[in-house]
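The values are calculated or read from the model by the stated rules, or taken from the named source; none is laboratory data. Just so it is clear, the structure is predicted and the values come from calculations on it, not from any experiment. When we count neighbours, we look across all protein chains shown, and the Cβ atoms used for this are built from the backbone with ideal geometry, even at glycine.
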Amino acid sequence: MQEKGNTPPRVEELISDSSFVNYCLGTNEADCTFWQTWVAENPAQRPIIAEAKNLVILLRDTPSEGELTDARERLFRTLGFDKQKVGKTKLSAVYRWMAAAALLLCCGIASLYIARQAEVKPIPMAAQSWIKKLAPAGKIMHIRLTDGSLVDLAAGSTLRYPTLFKDSARVVALEGDAKFAVSHNTSKPFVIQTADLDIRVLGTTFHVQSFQTDRYARVALFEGRVQVEKEDRSYVIVPGQVLVYDKQKSSFETMQFDPEEEQKRIEGMLIFNNASYAEVGQRLAHKYGIKFMPDPNIDMAFSGRISNESVEEVIEKLNFTTAYHFYLKSNTLIAKRK
């Protein structure tokens, strides 16, 4: 782990570090644990970490035929060739010349990668054992962490946390919906990492909703003070405020919330305001453990509340209030226009 006073890592160093690549691609749990902790303890480095992570993911992806065609065209322009002026006989020779140039370029990149691997010294990792909890459909799972913090994990949500908080930050990973009551410890901030946000606290009570499939992520604060971070952006909210992140617009909005209504959300109530089919289907899938396939042809705006009804009762409500007929087939939600 990076020590105070050391030079911050560069992008080329990060993408050449095998443990960082494993973290970006999610292929090694120990590497993921280490880098999640490191990022939480070094918030100033989030922009460069995000840049390097995007580059790793970009380099991983195999280009499509269209992308290869575009690349060939750009290479033609760069080399000064005009396909209209080059005959068919000469064109194949040009392609061979281009292939040789591309091969040399790839060899150069490979050499740079190997050289960088030799330069970069591995960062020591603290040995950690992690626990993974998945709340079953229709249930709220109550979890007590080793520091005394309490977590109410909503149905369909996943929480990953270490058996012991050994590092200078208490880091957990959330996919979904949970209420946290964090024990106070000024020397060890508590950090919840989601796919979109990092939430940093010292000791407080708050509610997080952050499913990867949802358009919005929310953090509602009951007590204390929390800081929410997204790459190079940071927001602090106070009790009674909810911070909403719109993933499509990449924008944040802070507003007041009703504590009683928020408590109902924590207890499993789903509240919809002009919700799309995708939003309704995804939330029902989390709550009831059913499957859901998005359909862009279904245009609906559903408003209503779903609390302790059975999935059959919910489907009946949707059939009554929308222009679509809903039903379950092989545990998958289906909708057809009436």
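Remarks
- Each residue in the range 194-217 was checked for being assigned to a strand (DSSP E or B) and either hydrophobic (A, V, I, L, M, F, W, C) or outside the structural domain of Gly156 (by TED's automatic domain parsing) (or both), and 5 of them qualify.
- Among residues of the range 324-336 that are not assigned by TED's automatic domain parsing to the domain that holds Gly289, none has a beta-carbon under 8 Å from a residue that is in a strand (DSSP E or B) and of a type in the set (Asp, Glu) at least six positions away or on a different chain.
- Any hit, the range 56-74, residues being in a helix (DSSP H, G or I) and modelled with pLDDT of 70 or more: yes
- Only residues that are surrounded by 11 or more Cβ atoms within 10 Å (Cβ to Cβ) and either modelled with pLDDT under 90 or assigned to a strand (DSSP E or B) (or both) were counted across the range 322-338, and they come to 10.
- Positions within the range 308-321 being surrounded by 11 or more Cβ atoms within 10 Å (Cβ to Cβ) and either of a type in the set (A, V, I, L, M) or in a loop (DSSP other than H, G, I, E, B) (or both), in sequence order: Glu309, Val311, Val314, Ile315, Leu318
So that you can scan it fast, the table gives a plain yes or no per residue for (1) in a strand (DSSP E or B); (2) within 25 Å of the chain's Cα centre (by Cα); (3) surrounded by 15 or more Cβ atoms within 10 Å (Cβ to Cβ):
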site	(1), (2), (3)
Tyr245	yes, yes, yes
Lys249	no, yes, no
Glu262	no, yes, yes
Arg265	no, yes, yes
Asn274	yes, yes, no
Arg283	no, yes, yes
Pro294	no, yes, no
Ser303	yes, no, no
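- Every residue from the range 147-163 that is of a type outside the set (A, V, I, L, M, F, W, C) and in contact with a strand residue (DSSP E or B) (Cβ under 8 Å, 6 or more places away or on another chain): Asp147, Ser149, Asp152, Gly156, Ser157, Thr158, Arg160, Tyr161, Pro162, Thr163
- Of the candidates Thr146, Thr158, the single residue that is β-branched (Val, Ile, Thr), exposed (fewer than 14 other Cβ atoms within 10 Å of the Cβ), outside the structural domain of Thr33 (by TED's automatic domain parsing) and at pLDDT 90 or above is Thr146.
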